[in-house]
1. Using the alpha-carbon atoms, what tilt in degrees (0 to 90, nearest 10) does helix A:205-216 show relative to the longest principal axis of chain A?
2. Sorting B:99, A:270, A:185 on the 10 Å Cβ count, fewest up front, what's the list?
3. What nm distance separates the two modelled labels at residue B:30 and residue A:39, each placed 7 Å from Cα along Cα→Cβ?
4. Which whole-number value in Å³ per residue fits the convex hull of the alpha carbons of segment A:145-270?
5. Students often get this wrong: which residues of segment A:22-57 have the backbone nitrogen under 14 Å from the point 7 angstrom along Cα-to-C-beta of residue A:92?
6. When the label point is put 7 Å from the Cα of residue B:149 along its Cα-to-beta-carbon vector, which residues of segment B:58-76 have a backbone N closer than 20 Å?
7. Pop the C-beta distance of residue B:65 and residue B:290 into the FRET formula with R0 = 30 Å and round what comes out to the nearest 0.05.
8. Between 0 and 90 degrees, rounded to the nearest ten: what's the tilt of helix B:172-182 against the longest Cα principal axis of chain B?
């Protein structure tokens, strides 16, 4: 396993981590500058932040600052109540691939969607099996397009507490079943994003990481699970402040040959987002060295 | 599948559902009377409520009112930081078996414990594998005692969001692996409690219910998953108010021959616990008929 204790060469910052500074929204150009100023070499930007800046200006500044991407957040949301909704998702996902290409991302991270309407508070139906079929079908269509653009897709299994409203793929095993179905040749076009927050609890995690292997481990995300957790979405912990044995999980991922970035992705409305960007980044760097 | 639409013959009330009435704690004797008054035939009491009343008086009143039990909540919490802690859990679990016997319960429901200390906010360690080993060992010891008392034990896999602080067994598959290891002969001494809240999201649920079979399906609990869910513990929904396809899961359980109670267990500090007991019970009855 790589030694992270002496530098932050392999730290990437997911831009959601610094989406707010002292509770004020921080624009992407300021995030990019702050990361570069902290000698952070990689980021993973969110599409809404990129859209606000413009893809081309964002790509230009990323290159000018010498930043790499560890992923692009996010595509997916394949579920819908009708054909028009499914087509709209397809269109949006093709745009995500194009943007990822322009930004130089190594993969598009996919949050696959849950029960349509649930995120807005009112699920259109309760048939999670139907949602899963739509995910399989939509992912297949997106994969065709992404292959032609040579852009890998990384399915991110989300914690089961998001099964209703965000993603009905909730285990590494399920995500890898999709990979087996849609890319049986293991071409590298389709894989998984392993976020410790979502999968740390799974007794089958080590075995599934082994099953994924190098070709399908496309991204590694870190934060921590706090006890208590006060909010289902925005109470993630800084690495080291919770109960996840992050180094152990990283050792499993690296045992498969993964040698990419460790991406810090921390949604924290009640704590970190209230602090100054420099403090957040300094802490990410320190914890990357001590707790990842 | 049984028709629940015309009566509430197979409704059981977990006493946590009416733990509070208009936000005031309701003692067990009042809960028992309220259930009997609503012609509810079964309950599943919690140990703290039984302890407050006394086991023998509680057993006497339960019999006098003609109530059955669908389970006894709860044993388990097998994890600890030292031998003294493990022994204390063993002692407490033997008492749970004795109490269940006196109360006439069909099984003791087990919440197995997570990382020791996490429930109080400070986990003693991050080794969930160690906790799982302690669960296996402690469950084996409890099973020896429970067999001699002829009291079945029902492992309740809890939702993965409770892996740190309440239970490190989070899927039906994991619970059934424990059953296979500790009761390979499928004697009926060890099985599972299937609570739709905890397992509804699992793509392997139907297959695992089939794997469990009649001998290992010892309890069936219902409530609903709300979108949004505002609290990890106490924001469960009334059956029909959320996204869980409860009838579908019940059909899977009954296809295995399960013919017991459907136990309503709703922790709801912000909604139902603020209401009057009669309203809670009337709604449970109505939803048992329309949404279970």
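1. Computed tilt is about 90 degrees.
2. Ordered from fewest to most neighbouring Cβ atoms within 10 Å, B:99, A:270, A:185 come out as A:185, A:270, B:99.
3. According to this spin-label approximation, the distance is 6.5 nm.
4. Given the Cα convex hull of segment A:145-270, per-residue volume reads 115 Å³.
5. Backbone N within reach: A:47-49, A:51.
6. Residues B:58-63, B:68-76 qualify, since their backbone N sits under 20 Å from the label point.
7. 0.70
8. 50
No lab work stands behind these numbers, since they all come straight from the coordinates. Source: prediction; values computed, not measured. As a convention, Cβ positions derive from the backbone with ideal geometry for all residues, glycine included, and neighbour counts pool all protein chains shown.
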